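To start, the structure itself, in structure tokens.
What follows draws every value from the coordinates through simple rules; no lab data is involved. What you are looking at is a predicted structure, and each value in this text was computed from that prediction instead of being measured. Glycine gets a Cβ as well: all are built from the backbone with ideal geometry, and neighbour counts include every protein chain shown.
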Number of protein chains: 2
Amino acid sequence: MVTIADVAKHAGVGLGTVSRVLNGSPQVRDATRAKVQASIAALDYHPNPLARGLSLGRGHRLGVIVPFFTHASAVERLRGVVAALAGSAYDLVLFNVASPFHPDEPYHALTGPHRADGLLVLSLPVPSHDVERLAEAGIPVVLVDSWAEGVTVVMSDDRAGGRLATEHLVGLGHREIAFIGEDPGNAFGFTATSRREEGYREVLREHGIPVRPSFVRHGPHDHDVARRLAAELLALPVPPTAIFASSDVQALGALAAATGAGRTVPAQLSVVGYDDIDLAAYAGLTTVHQPLFDSGYLGARLLLDALDSGRPPALDRHELPVELVTRTTTAMLARGAA
Amino acid sequence: MVTIADVAKHAGVGLGTVSRVLNGSPQVRDATRAKVQASIAALDYHPNPLARGLSLGRGHRLGVIVPFFTHASAVERLRGVVAALAGSAYDLVLFNVASPFHPDEPYHALTGPHRADGLLVLSLPVPSHDVERLAEAGIPVVLVDSWAEGVTVVMSDDRAGGRLATEHLVGLGHREIAFIGEDPGNAFGFTATSRREEGYREVLREHGIPVRPSFVRHGPHDHDVARRLAAELLALPVPPTAIFASSDVQALGALAAATGAGRTVPAQLSVVGYDDIDLAAYAGLTTVHQPLFDSGYLGARLLLDALDSGRPPALDRHELPVELVTRTTTAMLARGAA
DNA sequence: CCATCTCGTGGAAGCGCTTCCACTGGGTGT
DNA sequence: ACACCCAGTGGAAGCGCTTCCACGAGATGG
């Protein structure tokens, strides 16, 4: 293992000078710099990031907390994060939250200093207690698709998205519109689904359409669960003519239920999803597109800027636009139906 | 920031003792241990992993190199890696290889000591030059879905998978079977595709079916490229009655081309994919299933074992089984066709 | 010509941890 | 009774780096 001392000896200079060259200090004569750089190349020297980190007090690690297994959308956001970090001095350290039973476990581990210099949280809530600890420790935090008091957040306007989807269905003549989403009290603490539901309720109310309690179903974010919930909806005495699901995965479950119940889509049932993941395009699913990649990218950039400047990220709420993508799972309400 | 010295003072013991407690050394009297643990809790002390890493000579970081943007299958493998690392002392550091133009760039960065303690490489080739450097640096390496001289590898039997797919089509009566895969000289250096192609060629040969050069098409691993290649195949004077694509993404491209050319699947064209990603099930794609999750899991476990034992991973070639999943994109060759 | 400044440089101190060595005090064997 | 050993402990050294302080050599000004 070659160290800075070896380079110094080889170049015939002091350690300090080598360090200055490594860190681009202007306080080095050009001739000296060249000599040192030649030695670095000759010895194939690589600085030890651990030692560097210890000395500097930061390890150039960006922690990303992500519910990897539960939401397909998280992957696309992660891609954005990866893209933002390319070329930066920071390494991406991945912390998965697999189980909803210990959602705060990663924070406990991370609030210890130097586990990561900054934290990006995708879709998960952060207990206020941990927000404080992270703030005390001086670790900047950015939330994507989530919200917490006193933290910089990047979100898309979920309520507007919920409105968009519902307006679309109402515009097609539907009045019996069901909703499938996650339980507001879900174990992970995901909240986006509730805001989408709010948009749904608002639009119905504005059009004077009563929100039937039996038309609003909640369950874990899972294809088969959604399928079951949709099957229940379709078996109702007065079944819905349209379903708005708060995610594409759930919408695809609804599609499967429709097939199972012998309903053709969109002739006998319209379905709208949310997220616009890869699958949506293949399935021809009408859905609300949100900029998943961009949200991850922006979140990471905000964090990097904060880290570079030494200032905590601006306490803004960055809102990304959503947009309805009309495909082939929605259609005008057939006359005489419902 | 509270350090080990603070804990020592608070507990009225020496630094060494605190360190021994932290590291579970038996050389501490129970009473002393309890006292120290109480102080740790009272002060909310968290060891600094950077300092620990510097002292120990390893940072408890497991580097994963993954072509994140190009292959959907990589994500599923990554999930396996994440699962294997849960509960271990190692953090997952993600290195993306976005561009094929500098495929060895991450290795340059990583062969420097302590960037990561071990390296897991997904689907990418490792230049032999870097294999040597990593070996010299004592960094264990495991490859998943790739191969290199002198490195532990986890792979599935791609040739057998290629055979499986082709046998299936031949068994359905097809003789005009085309292949769509990646160029053997592709910039990233992916090799799995070539082994699948070998299996395809072998089976055709065994059945006395000539391999028409015009039936074998190569292009980057991309849906739209595959779609174009498939469109070319279908426009041939004697078009194929079946297409075996070396990945699901490419098979889905072929499906799109079939729709574009007015061919119904599977009546007028059979299509087989490879990987069995999420999309395959939704699309009803017949495909070769390979244990993506398990491959990542196993690779990570091998690496962790090597790290824990201090021995390099056994130089085995771990081969995972593949299996044909028959869905709705393949059917008996219609009489009189071709 | 000397005091003063500036630039470039060497190297010690210090980051927080582990580990090794030295030391103590109570057993143990004879 | 004495030598010996060993469990338990304190603390110095050292991991490889950055940074600060000190210092020498020219340059500058009076």
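Brief remarks on what is shown
- Calculated from backbone phi, Karplus (6.51, -1.76, 1.60) coupling profile of segment B:63-69 in Hz, x at Gly/Pro: x, 10, 9, 9, x, 4, 7
- Inter-chain Cβ neighbour count for B:72-80, averaged per residue, equals 2 (cutoff 10 Å, partner chain atoms only).
- For segment A:113-257, the relative contact order is 22 percent, taking Cα pairs closer than 8 Å that sit 6 or more residues apart in sequence and dividing their mean separation by the residue count.
- Per residue Cα convex hull volume in Å³ - calculated over the protein assembly as shown: 187 Å³
- Two-site label geometry, A:Arg311 and A:Leu22: point separation in nm, points 7 Å out along Cα→Cβ: 3.1 nm
- With contacts taken as Cα pairs under 8 Å at a separation of at least 6 residues, chain A carries a relative contact order of 18 percent.
- Relative exposure of A:His223, B:His318, A:His207, judged by other C-beta atoms within 10 Å (fewest first): A:His207, B:His318, A:His223
- Here the relative contact order of segment B:191-336, from alpha carbon pairs under 8 Å that lie six or more residues apart, stands at 19 percent.
- Along its first, second and third principal axes, ordered by size, segment B:4-82 spans 57, 23, 21 Å in Cα coordinates.
- R0 of 35 Å, Cβ-Cβ distance B:Glu132-A:Thr328: FRET efficiency to nearest 0.05: 0.05
- Eligible lysines near A:Lys9 by straight Cα distance, threshold 25 Å, same-chain separation 8 or greater: A:Lys35
- Nearest-first distances (nm) between copies at A:Gly14, label 7 Å from Cα via Cβ: 3.5
- Hydrodynamic radius of segment B:197-338 per Kirkwood, over alpha carbon pairs, in Å: 16.9 Å
- Distant alpha-carbon pairs in chain B (separation over 25 angstrom), percent: 58 percent
- Long-range amide H partners of A:Ser270 with built H, under 5 Å: A:Ala242, A:Ile243
- Label zone (B:Ala38, point 7 Å along Cα-to-C-beta; backbone nitrogen cut-off 16 Å) within segment B:5-23: B:7-14, B:18.
- Nitroxide proxy distance, nm - points 7 Å out along Cα→Cβ at B:Thr264 and A:Arg29: 8.6 nm
- By the helix-only formula, in which each DSSP H run with n ≥ 4 contributes -39500 (n - 2.57) and the sum is divided by residues, the protein assembly as shown has a 222 nm mean residue ellipticity of -13000 deg cm²/dmol.
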